[in-house]
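Asks: Sharing a structure below in structure tokens format, with a few things to ask.
The values are calculated or read from the model by the stated rules, or taken from the named source; none is laboratory data. Here the structure is a predicted model, which means the values were calculated and not measured. Because the Cβ atoms are built from the backbone with ideal geometry, glycine has one as well, and the counts that use them run over all protein chains shown.
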Amino acid sequence: MAAAAAMHISTEFINLKPNIWKKPDRASGSCCLGSDDISRKRKLPILLFDVMDTIVRDPFYHDVPAFFGMPMKELLECKHPMAWIEFEKGLIDEEELARKFFIDGRDFDLEGLKDCMRSGYSYLDGMQELLHTLAADDFEIHAFTNYPIWYNIIEDKLKLSAYLSWTFCSCISGKRKPDPDFYLEVVGHLGVEPCDCIFIDDRPTNVKCAIEIGMGGLCFQNAESLAKDLSHLGIDLSVPNI
């Protein structure tokens, strides 16, 4: 959350172009699943979605500074530099987060912060419709996200599990994107080759890592551009009102 706000993205990645996913040549043995039987039954590619600011609005950037009554710059200066990252990786629980969130150890209303986050979670324009279309077409869709156990709050409010599985969360794996080991853990768990996956994220550095290990990668801007990018990759979908 706060770590993301402080991250500086190199301009060389801003215009990152999608790595084009092509149906693997299984006859040649390149980029194949464990068996021909599995590859026939499993629809490919598998779609891996970041969640925050890709599917769901991230309340941190607008709502949380207002909750604390300070501008973002001041909040970033006051917060502990590692507390949220540790929370995202499941290394500390929310009580420890409350104790460590501010460098000076000041108290704050943890339940109030959670309510603030809950109120701010909403689908980005067009994304619920896009996910519905992909799920209705029987694509296998997984969340691949840096987020703490509060992903349960998102699920309770928005019911993302109607469209995807919360399979790969940093708070469960103990790893965060763009750690390459997290990506390799994903493909190992799925039992596929990297080229059998398309990864969608709003952060170019995370997409770059996916491409480097052999996944297809798309840098998310909005639902309309994502639908076009997926179409260019051979995933044709018609999403109304995007």
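Asks: Looking at the range 90-106, is at least one residue under 27 Å from SER173 (Cα atoms) and in contact with a Ser or Thr (Cβ under 9 Å, 6 or more places away or on another chain)?
Replies: yes
Asks: Would you call ILE103 among the aliphatic types (A, V, I, L, M) and either within 22 Å of GLU224 (Cβ to Cβ) or touching a strand residue (DSSP E or B) at 6+ places or on another chain (Cβ under 8 Å) (or both)?
Replies: For ILE103, the condition - among the aliphatic types (A, V, I, L, M) and either within 22 Å of GLU224 (Cβ to Cβ) or touching a strand residue (DSSP E or B) at 6+ places or on another chain (Cβ under 8 Å) (or both) - is met.
Asks: May I ask you to say which residue of ASP201, ASP137 is crowded, with 20+ Cβ neighbours inside 10 Å and of a type in the set (Asp, Glu)?
Replies: ASP201
Asks: Given the conditions (1) in a loop (DSSP other than H, G, I, E, B); (2) at negative phi; (3) under 22 Å from the mean Cα position of the chain (by Cα), and given that LEU113 satisfies all but one, which numbered condition is not satisfied?
Replies: Unmet for LEU113, out of (1) in a loop (DSSP other than H, G, I, E, B); (2) at negative phi; (3) under 22 Å from the mean Cα position of the chain (by Cα): (1).
Asks: Considering the range 53-65 alone, what residues qualify as being surrounded by fewer than 22 Cβ atoms within 10 Å (Cβ to Cβ) and modelled with pLDDT of 95 or more?
Replies: Passing the criteria: ASP53, ARG57, ASP58, PRO59, ASP63, VAL64, PRO65.
Asks: Pairs needed: first member in the range 46-68, under 14 Å from PHE168 (Cβ atoms); second member anywhere, of a type in the set (Lys, Arg); C-beta distance under 8 Å; at least 6 residues apart or different chains.
Replies: Matching pairs, first to second residue: ASP50/LYS177; ASP50/ARG203.
Asks: I need the full set of residues from the range 186-242 which are within 11 Å of PHE144 (Cβ to Cβ) and of a type in the set (D, E, K, R), in order please.
Replies: ASP201
Asks: Which residues, counting only those in the range 129-159, are touching a Leu at 6+ places or on another chain (Cβ under 8 Å) and either modelled with pLDDT under 95 or over 17 Å from TRP84 (Cβ atoms) (or both)?
Replies: Those that are touching a Leu at 6+ places or on another chain (Cβ under 8 Å) and either modelled with pLDDT under 95 or over 17 Å from TRP84 (Cβ atoms) (or both): LEU130, LEU131, THR133, LEU134, ALA135, ASP137, PHE139, GLU140, ILE141, HIS142, ALA143, PHE144.
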